[in-house]
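Student: Shown below is the structure under consideration.
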Amino acid sequence: MNSMVGVLEQFQREPMKIGQWYVVAICIGILALDGYDVLSIAFAAPGITAEWGLSKATLGIVLSLELVGMALGSIIMGALTDSHGRRPTMLVGLVMVTVGMIVAGLAPNVYILGAARVFTGIGIGGLLASATATSSDYCNDKNRSLAVTLVAGGFAFGVYLGATFLGPLLKQYDWRITFYLGAAASLLFLPLVYIFVPETISYLERKRPANALESIQKIMTRMGHPAPTELPPIQADKAAPEGMPALFKHGLAAITIILILAYVGNVGTYYYFVKWIPKVVSDFGFTASQATEVLGMISLGGVIGSIAMSIITRFIPIRPMMILCLVAAGAGVAFFPNAMDSLDSMKQVGFVTGVFIFAAISGFFGLWASTFPSSLLGSGSGLVLGIGRGGAVLGPMIPGFLFAAGLELQTVAIIMAAGSLSGGVMLLFLKRKTAEQ
């Protein structure tokens, strides 16, 4: 092999080697870590409220602070993923999450806790963008959508694992154990990424840092593919588009806007559901451990839904599946208050709702990977994630004010379910707009 075209074609067309699957597996773990870290505040919410006497309005703000950081991290670090590399961005994100979780566990008051959650959110935003781009870059055409959707499904798996482990732990320890456990997991991933996740071939070829050819040769040999002997010159007129502005050029503007609007709607519903469930369940007389069990069933449904989405969309177009999942997720969230009469009924409705709401979350990652070119995948997914998570701040915050205003749970649930439903409506226009480009 003597040209980079051959290298890229090999990654795109030939069967994936075990080293490439290692990278995908680690990216799945990174998203699982994100899932745990994002919802650690929800696991801790009942204990925090009891210890510091927070009102529901204040708790709603605390539950939203990490999303502010995630919005900043997704946009800023997502752009860094394209400009400075997938691997360093991922390593920096892991360090930030580890430090933020430790500080949150040691926080003596709600102000330091809030600052720690914003800092952690910035790191998580960077991990989301870099893991998405890395897994996509290391996959062939046949497995790209499957792998990226599975990576996104790691988020639900992390929530499930967290709920499974934290249920028993919260019976013996206070809420701080949720953050200490998250810090330990983040720290564990640092050597895994450093050792097993090299920089991606597409980034090295596009940016041409010092010793790019030697680095590519080492990576290709390590992954079990023939190494190139030279790199072709970059033709200015064929250079890949880069940077945030390019997302609104080259026929991508309509796609970018539609994906942003749909994602904002869905994550608003999603974050209301998963972050308020533990508190709502405990308010109905159940223990913090039982509330965690309900959240665990929601996330178990999410694991199944994410895997099912990745498999089904290999045979069925992803857009109609996404519309179905978004509508069903909204219906499940709106119906959940009717299942509050017993722990079993909450688990059952939560499980079914989790299947659809997490399938939709994973499906968005698949849409990004199949829509944005590699040179814009970090920026594109980062922008959608950033604006989406920024908008999602309202997901946990609005219910706090609605509850404080005296609205009943059923009314609040219907209002918050509208986000996923509106996301489904947005995607109705995606096919038509894409065809116009």
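Student: Across the range 1-22, which residue is modelled with the lowest pLDDT among those that are touching an Asp or Glu at 6+ places or on another chain (Cβ under 9 Å) and of a type outside the set (G, A, S)?
Tutor: The initial filter retains those residues of the range 1-22 that are touching an Asp or Glu at 6+ places or on another chain (Cβ under 9 Å), namely 2-4, 7-8, 11-13.
Okay, now just the ones that are also of a type outside the set (G, A, S), so 2, 4, 7-8, 11-13.
Working: N2: 44, M4: 47, V7: 59, L8: 61, F11: 65, Q12: 70, R13: 75.
Here the answer is N2.
Student: Considering each residue of the range 23-56, count those that are part of a loop (DSSP other than H, G, I, E, B) and at pLDDT below 85, and give that number.
Tutor: So the answer is 2.
Student: Follow-up question, since we're still on this one. Of all residues in the range 398-425, count the ones that are within 25 Å of L259 (Cα to Cα) and at pLDDT 90 or above.
Tutor: 13
Student: Read through the list (1) without any contact (Cβ under 8 Å) to a residue 40 or more places away in the chain; (2) within 25 Å of I61 (Cα to Cα); (3) in a helix (DSSP H, G or I), then give the number of the only condition that D344 fails.
Tutor: It is condition (2) that D344 fails.
Student: Does the range 359-375 contain at least one residue that is outside any helix (DSSP H, G or I) and at pLDDT below 90?
Tutor: yes
Student: Moving on to the next point. When you scan the range 63-70, do you find a residue that is closer than 27 Å to F372 by Cα and touching a Ser or Thr at 6+ places or on another chain (Cβ under 8 Å), even just one?
Tutor: The answer is yes; a qualifying residue exists.
Student: Determine whether A183 is under 29 Å from G366 (Cα atoms), within 16 Å of the chain's Cα centre (by Cα) and in contact (Cβ under 8 Å) with a residue 12 or more places away in the chain.
Tutor: no
Student: Spot the failing condition for A413; the list is (1) under 25 Å from F157 (Cβ atoms); (2) surrounded by 20 or more Cβ atoms within 10 Å (Cβ to Cβ), and only one is missed.
Tutor: It is condition (1) that A413 fails.
Student: Given the criterion of a type in the set (S, T, Y), within 17 Å of the chain's Cα centre (by Cα) and within 17 Å of M16 (Cβ to Cβ), identify the matching residue among T149, T200.
Tutor: T149
Student: Within the range 304-341, can you find the residues that are assigned to a helix (DSSP H, G or I), surrounded by fewer than 24 Cβ atoms within 10 Å (Cβ to Cβ) and among the β-branched types (V, I, T)?
Tutor: Result: I304, I307, I311, I312, I318, I323, V327.
Student: Now for a different question. If a residue must be small (G, A, S) and within 17 Å of Y36 (Cα to Cα), how many such residues does the range 74-113 contain?
Tutor: Qualifying residue count, the range 74-113: 4.
Student: Filter the range 260-303 for residues that are part of a helix (DSSP H, G or I) and free of Cβ contacts under 8 Å to residues at least 12 places away in the same chain and give the result.
Tutor: Of everything in the range 260-303, just one residue is part of a helix (DSSP H, G or I) and free of Cβ contacts under 8 Å to residues at least 12 places away in the same chain, namely D283.
Student: Got at least one residue in the range 127-137 being surrounded by fewer than 19 Cβ atoms within 10 Å (Cβ to Cβ) and either under 23 Å from A359 (Cβ atoms) or of a type in the set (F, W, Y) (or both)?
Tutor: Taking every residue of the range 127-137 in turn, none turns out to be surrounded by fewer than 19 Cβ atoms within 10 Å (Cβ to Cβ) and either under 23 Å from A359 (Cβ atoms) or of a type in the set (F, W, Y) (or both).
The values are calculated or read from the model by the stated rules, or taken from the named source; none is laboratory data. Just so we're clear, the structure is a prediction, and the values are computed from it rather than from any experiment. All Cβ positions, even for glycine, are placed from backbone atoms using ideal geometry, and neighbour counts span all protein chains on display.
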